[in-house]
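A.B. asks: Pasting in a structure now, in structure tokens, and then I'll have a few things to ask.
We did not get these values from a lab; they are worked out from the coordinates using the rules stated. In this text the structure is predicted, and so the values were computed from the model without any measurement. Positions of Cβ are generated from backbone atoms using ideal geometry, with glycine treated the same way; all protein chains shown enter the neighbour counts.
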Amino acid sequence: MVETKEIPYARFGFDLDDGIPSRTAIGLIVLATDHTIEYEWRTVMSLPGVGLYENRILNSPDIRPETLRQMDELIAPGVALIRPGERIDVVAFGCTSASMVLGEEQVFNRIKAVRPEAVCTTPITAARVGLEAMNTKRIALLTPYVQEINEAMASYLEKRGISVVRIGSFEHPDDNEVARIDADSLRHAILELGQHDDVDAVFVSCTSLRLVDHVASIEQELGKPVTSSNHAMAWHALRLGNIHDKLPQFGRLFTV
């Protein structure tokens, strides 16, 4: 028979603080094919008291209107799995083109169905708010989308007070490969579109495109504001969560 040894055991009392999201708790819906948004948001949101909580939903890597509409029924179940039973102050939906195809109000309705207390944003919402906050009205739109989506997005923005005066696209519908478009390609396209006198700012649409690490240097070279889906939505989510820290290392928008 093996002799057992009694191990001293202690039970301790404890106090609770507000946890990681002592200032704000932000929920983010990420597309299954997205390689970029989590990296860029964590880069921006490594701030004291800011909690970032994510969940992914299924989507097709082939970005077309018919595949974008398929996400509609997945938004609410996806949001429901973000920190269930605990406080969420802001919920962001991480797809620019789906927000436009479905409509911002429809996206918000899906979020509010399970998180009625949260304020909401999408990339297209945040871009509009951010461009207006920087007093820019005439933009160049850069995307990886096919022409049909580009034209629809330009029309969508025009109806909401943002004048799209130029459009450029990589025209590559595979979302997995869009995430690998390199920094030099992005910089070249932004500078080409933004150099014209009729352009006040450049908006880079698509959460897969990588801008955050380079936005400040591109703005310095261009001499005009530049923002993207991830960049604008991170700024807007922080502001909606009452986080007003100025972060000039991430470009002009983060000083507003």
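A.B. asks: Just wondering, is there one or more residues in region 198-212 that are loosely packed, with under 15 Cβ neighbours inside 10 Å and without any contact (Cβ under 8 Å) to a residue 60 or more places away in the chain?
C.D. replies: Within region 198-212 (the criterion being loosely packed, with under 15 Cβ neighbours inside 10 Å and without any contact (Cβ under 8 Å) to a residue 60 or more places away in the chain), the answer is no, since none of the residues qualifies.
A.B. asks: Follow-up question, since we're still on this one. On the basis of being buried (at least 17 other Cβ atoms within 10 Å of the Cβ), touching a residue at least 60 places away in the same chain (Cβ under 8 Å) and of a type in the set (A, V, I, L, M), does Ala118 make the cut?
C.D. replies: Numbers: buried (at least 17 other Cβ atoms within 10 Å of the Cβ): yes; touching a residue at least 60 places away in the same chain (Cβ under 8 Å): yes; of a type in the set (A, V, I, L, M): yes.
Taking the combined requirement at face value, the residue satisfies it.
A.B. asks: Just checking, how many residues over region 148-179 are without any contact (Cβ under 8 Å) to a residue 24 or more places away in the chain and surrounded by fewer than 17 Cβ atoms within 10 Å (Cβ to Cβ)?
C.D. replies: Total satisfying the criteria: 5.
A.B. asks: Return the residues of region 189-225 that are of a type in the set (A, V, I, L, M) and in contact with a Gly (Cβ under 7 Å, 6 or more places away or on another chain); say none if nothing qualifies.
C.D. replies: Listed by number, the residues that qualify are Ala189, Leu193, Val202, Val215, Ala216, Leu222.
A.B. asks: Something else about it: List the helices (runs of 4 or more DSSP H) inside region 11-96, counting only whole elements, that have at least 1 residues being over 22 Å from Phe250 (Cβ atoms) and either among the β-branched types (Val, Ile, Thr) or in contact with a Lys or Arg (Cβ under 7 Å, 6 or more places away or on another chain) (or both).
C.D. replies: 65-69, 75-80
A.B. asks: Right, something else. Mind listing whichever residues of region 111-129 are in a helix (DSSP H, G or I), under 12 Å from the mean Cα position of the chain (by Cα) and within 13 Å of Arg160 (Cβ to Cβ)?
C.D. replies: Ile124, Thr125, Ala126, Ala127 - these are the residues of region 111-129 that are in a helix (DSSP H, G or I), under 12 Å from the mean Cα position of the chain (by Cα) and within 13 Å of Arg160 (Cβ to Cβ).
A.B. asks: Which of the residues belonging to region 213-256 are surrounded by fewer than 24 Cβ atoms within 10 Å (Cβ to Cβ) and under 19 Å from Glu54 (Cα atoms)?
C.D. replies: Scanning region 213-256 gives Leu238, Arg239, Leu240, Gly241, Ile243.
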